[in-house]
Amino acid sequence: MTPFANLFLIFFRIGLFSFGGGYAMLPLIFQSIQEFGIMTAAEFSRLVALSQVTPGPIAVNAATYVGYNYAGVTGAAAATVGVTLPSFLLVLAVLQFIRKFEESKAMTAVMKGIRPAAVGLIAAAVIMLAETSILDGPVFSVRLITDAAEYINLLPCAIFLGTIILAGKFKADPILLTVVAGVIGALVIR
Amino acid sequence: MLPLIRKAVIEEKNWMTEEEITDCFSIAQSLPGVLAVNVAIYVGAKKKALIGSVAAVLGVTLPAFVSILAVLLFLGRIEDNLYVLGAFEGVKAASAALILFAAWKMGQQILKGKLEYFIAAVSFIAVVFAGISAIWVIVFGGLAGLAASRWQHRKGGAE
């Protein structure tokens, strides 16, 4: 398969099976790029970081990033079209028989189960990110206890905890927190 | 993003009523894919059929597409700049924290009973510990929701 067809199909699948917003899509994006050997875990966490500081939906940012790295600008376009095409087909189909869809009890029940699954997926995305940012490997590892000093990246870990506290307790603006973290990183971590 | 769309479509452009946009959001949310893209296709199709949806999708995706390309083209040259790498480390750590916070807030809204906690926990464990595809997690969630409603219905009917 050509790289373009490959990218298109991978991201079509991502577009078709993602519910619950951008963060909930991250595990599937991560699994897909690993399955097809397109990108490393470290590169993935960089992609997430970049999506946080650029405008637009995360999935489109991700498709552009992965597509470009794998096959240049055309690759970026193929992946982006792939991730949006399922939306096209489904939204236009639903608009044809809108009444039935809204009244469907089955659909309501299915969504009631998918929403909590999306919460689980977002939590899983945090684990995937932690492994290449605040830690030097899997979150659930004995090294976290036996070799903590080496295993935990101290400054990223401090930024992580600081962000949690400032966002959770003091309701600080997420964009501001991200920018501040970037500045601290540039000045201290390098 | 939804409040911005609501404002543009209702107040600025007068394209839809409050009720129509609420319908649009609820349908966009129960379909897979990027929420903002789903909304764009819906609004575009209502106004100007297929051409309208294509225009709206281009509008909502291009800024994301172009900004990532711009950063990547730029980064190609400064890849081994220590400041940039340091900034990435900082933003990565903050992103992990903000996503955890998002999971927490969404959990407070959605995890209302034992069933919801069960589905969320199984989903998390399946992906993190068993390496099961997120696609199966979504399928599982949908089936569990359906099974639960059938079961409640039957129980309700028997009483």
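The values are calculated or read from the model by the stated rules, or taken from the named source; none is laboratory data. Keep in mind that this is a model prediction, so the values were computed, not measured. Here the Cβ is made from the backbone with ideal geometry for all residues, glycine too, and neighbour counts use every protein chain on show.
So, B:ILE125, is that one at negative phi, surrounded by 21 or more Cβ atoms within 10 Å (Cβ to Cβ) and not hydroxyl-bearing (Ser, Thr, Tyr) or not?
Against the criterion (at negative phi, surrounded by 21 or more Cβ atoms within 10 Å (Cβ to Cβ) and not hydroxyl-bearing (Ser, Thr, Tyr)), B:ILE125 does not qualify.
What are the residues in segment A:13-24 that are among the hydrophobic types (A, V, I, L, M, F, W, C) and either at the interface with another protein chain (Cβ under 8 Å from one of its Cβ atoms) or more than 13 Å from B:VAL37 (Cβ to Cβ) (or both), if any?
A:LEU16, A:PHE17, A:PHE19, A:ALA24
Among the candidates A:VAL83, A:VAL139, A:VAL73, which residue alone is in contact with a Gly (Cβ under 9 Å, 6 or more places away or on another chain) and surrounded by fewer than 18 Cβ atoms within 10 Å (Cβ to Cβ)?
Within the list A:VAL83, A:VAL139, A:VAL73, the selection yields A:VAL73.
Just checking, which of A:VAL188, A:VAL126, A:VAL183 is facing chain B (nearest Cβ under 8 Å) and surrounded by 21 or more Cβ atoms within 10 Å (Cβ to Cβ)?
Answer to the selection: A:VAL126.
Restricting to segment A:160-190, what's the tally of residues that are part of a helix (DSSP H, G or I) and closer than 20 Å to B:LYS105 by Cα? Spell out how you get there, then give the answer.
Filtering segment A:160-190 for residues part of a helix (DSSP H, G or I) gives A:160-168, A:174-189.
When the remaining residues are screened for being closer than 20 Å to B:LYS105 by Cα, the result is A:160-168, A:174-178.
Counting residues in segment A:160-190 that are part of a helix (DSSP H, G or I) and closer than 20 Å to B:LYS105 by Cα gives 14.
Quick one: count up the residues across segment B:107-123 that are more than 7 Å from chain A (Cβ to nearest Cβ) and of a type in the set (D, E, K, R).
Residues that pass the stated criteria total 2.
Take A:THR108 and tell me if it is touching a helix residue (DSSP H, G or I) at 6+ places or on another chain (Cβ under 6 Å) and of a type in the set (S, T, N, Q).
Considered against the rule, which asks whether it is touching a helix residue (DSSP H, G or I) at 6+ places or on another chain (Cβ under 6 Å) and of a type in the set (S, T, N, Q), A:THR108 comes out as no.
Within segment B:150-158, identify whether any single residue is aliphatic (A, V, I, L, M) and surrounded by 14 or more Cβ atoms within 10 Å (Cβ to Cβ), and answer yes or no.
Let us first name the residues in segment B:150-158 that are aliphatic (A, V, I, L, M), namely B:158.
Pick out the ones that are also surrounded by 14 or more Cβ atoms within 10 Å (Cβ to Cβ) and you get none.
No, segment B:150-158 contains no residue that is aliphatic (A, V, I, L, M) and surrounded by 14 or more Cβ atoms within 10 Å (Cβ to Cβ).
Each row is one residue, and each column tells you yes or no for (1) basic (Lys, Arg); (2) at the interface with chain B (Cβ under 7 Å from one of its Cβ atoms); (3) within 30 Å of B:GLY131 (Cβ to Cβ).
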site: A:GLY82; (1), (2), (3): no, no, yes
site: A:LEU90; (1), (2), (3): no, yes, yes
site: A:VAL94; (1), (2), (3): no, yes, no
site: A:ILE114; (1), (2), (3): no, yes, yes
site: A:ARG143; (1), (2), (3): yes, no, yes
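Which of (1) modelled with pLDDT under 90; (2) within 20 Å of the chain's Cα centre (by Cα) does B:VAL43 not meet, given it meets every other one?
Failed condition: (1).
Limited to segment A:50-73, what total is found for residues that are within 7 Å of another protein chain (Cβ to nearest Cβ), among the hydrophobic types (A, V, I, L, M, F, W, C) and touching a residue at least 60 places away in the same chain (Cβ under 8 Å)?
Looking only at that region, the number is 1.
Identify, by number, the condition in (1) surrounded by fewer than 18 Cβ atoms within 10 Å (Cβ to Cβ); (2) within 7 Å of chain A (Cβ to nearest Cβ) that B:ALA134 doesn't meet.
(1)
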